[in-house]
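What follows is a short report on a single structure.
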Amino acid sequence: MQFEDRELLIHVGLPKTGTTTLQESLFPGHPEIEFFGKHIKNNITKGCLTQEHYRFFKALLWDFSKEQNVTDLKKTLHQDLLKDVDPSKKLVCSWESLGNAGSKRHEKRLKRIKAVFGSCRLIIALRNPLTQIPSEYLQNIEGNFIKRKRKWMGNASYLGLEEWFSRKVDRQKSEEGSLESVFAYAKNIQTAVELLGRENVGVFLFEDLIKDPDLYYQRICEFIRVDPAEGVRLTKSVHKNKRTSQGQLKYMQKIGKSYWRNLFMMMGGEKYRRQMYRRNIGDGTPAKVSLPPSLDKNIRNATRSGNRWIADEFNLPLEELGYPV
């Protein structure tokens, strides 16, 4: 059975690079895009569009316990998922955690996409790891404080930055075996260039988003090949993720220091924890955490060569922006 190829554009992150605005405003709102997910507020697993979409993408992107039947996946895609989709629309999906996924899985994932869709393009947004790691840390401890769903972070109401990073490394090393695998984005970009072609890999910088949001979203739309003016309109003055405040950070630290307070907070349930977290925002001053010297050094050593390759390959001013090179 023959099916016409339909190109898939996959956005793979990184975390804390403005992905929520893409996933809540640009991708689902643009009339020239058919967005499969991640839909932030969708309760379906992985934020997929429907359960049917989740089953398809689970087999395509996340299930590496067995080889997948490409013919069956193509049949599901074309006869079920695309049966009512305008053929002129660009097919887009977005999961920001995939940018730093293990390099072996990343390669297999891209090969599967090409086999099923026929063509694949990739977008990844980068951020200086010396600022990205503290920002991701604050997001993780906030989410774990409220939802308690990250098993690798444990049941504590608060984790310090070094303890959090150590657990993050242990979790990743169990899959890939090295500190460099925690920062696999450079290797994954290299693999994407080799498999998809340089012209089909778009690398964007969070620092450019901060400097000129309109130009940033315009360039993303130009890469996707959809109307950039509509993309800029959809993202105008949008900032979806509010930062953790200094008051909220101190509150989590306070709860985490007491066994009884932590136990009470666990028993209180997600709704109660969310209410208390919001109530302790203080004056709203954004929380700030600093990398300890040893961790700063390790991150620089783990990312320097990869950043240098990216800067040269994509002609990006990473050194000027403070990236380790």
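Just so you know, all these numbers are worked out from the coordinates, no wet-lab data involved. Worth saying up front: this structure is predicted, and the values here are computed from it rather than measured.
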- Note on the structure: Going residue by residue through segment 272-279, the Karplus relation 6.51 cos²θ - 1.76 cosθ + 1.60 with θ = phi - 60° gives ³J(HN,Hα) values, rounded to whole Hz and with x marking Gly or Pro, of 5, 4, 5, 4, 5, 4, 5, 5
- With x for Gly and Pro, the residue-by-residue ³J(HN,Hα) of segment 156-164, computed from phi through the Karplus equation 6.51 cos²θ - 1.76 cosθ + 1.60 at θ = phi - 60° and given in whole Hz, is 5, 6, 8, 10, x, 4, 5, 5, 4
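Once you order the gyration tensor axes a ≥ b ≥ c over the Cα atoms, which shape class does segment 1-123 get: rounded for a/c under 1.5, otherwise prolate or oblate by comparing a/b with b/c? Don't skip to the answer; put the middle values down first.
Details: a/c = 1.56, a/b = 1.14, b/c = 1.38.
Oblate.
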- Search the structure for amide H atoms under 5 Å from the amide H of R121, placed 1.01 Å from N in the peptide plane, and list their residues when 5 or more places away or on another chain. L8, L9, I10
- Item | Under 5 Å, built H, 5+ apart or other chain: amide partners of L205 | L126
- Item | Integer Hz, Karplus 6.51/-1.76/1.60 couplings in order for segment 82-94, x for Gly and Pro | 9, 4, 10, 8, 4, x, 7, 6, 7, 8, 10, 9, 8
- Message: Rounded to whole Å, give me the distance from the Cα center of segment 65-98 to that of segment 216-270.
- Response: 29 Å
- Query: Which lysines, on any chain, are close to K257 with Cα under 22 Å apart, when same-chain ones fewer than 8 places away are left out?
  - Reply: K147, K149, K151, K168, K271, K288
- Prolate/oblate/rounded call for the chain, Cα gyration tensor, a/c under 1.5 rounded: prolate
- Query: Using modelled backbone amide H atoms (1.01 Å from N, in-plane), which distant-in-sequence or interchain residues come within less than 5 Å of S94's amide H?
  - Reply: H11, G37, K38
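What does the helix-only formula give at 222 nm for the chain: each DSSP H stretch with n ≥ 4 adding -39500 (n - 2.57), the total divided by the residues, and the result rounded to the nearest 500 deg cm²/dmol? Walk me through the numbers before you get to the answer.
Numbers: 13 runs with 155 residues, N = 325.
Estimated from H runs of four or more residues: -15000 deg cm²/dmol.
Assign one of three labels to segment 177-265, namely rounded, prolate or oblate, based on the Cα gyration tensor with a ≥ b ≥ c the square roots of its eigenvalues; rounded applies when a/c is under 1.5, prolate when it is not and a/b is larger than b/c, and oblate otherwise.
Numbers: a/c = 3.78, a/b = 1.57, b/c = 2.40.
The shape class here is oblate.
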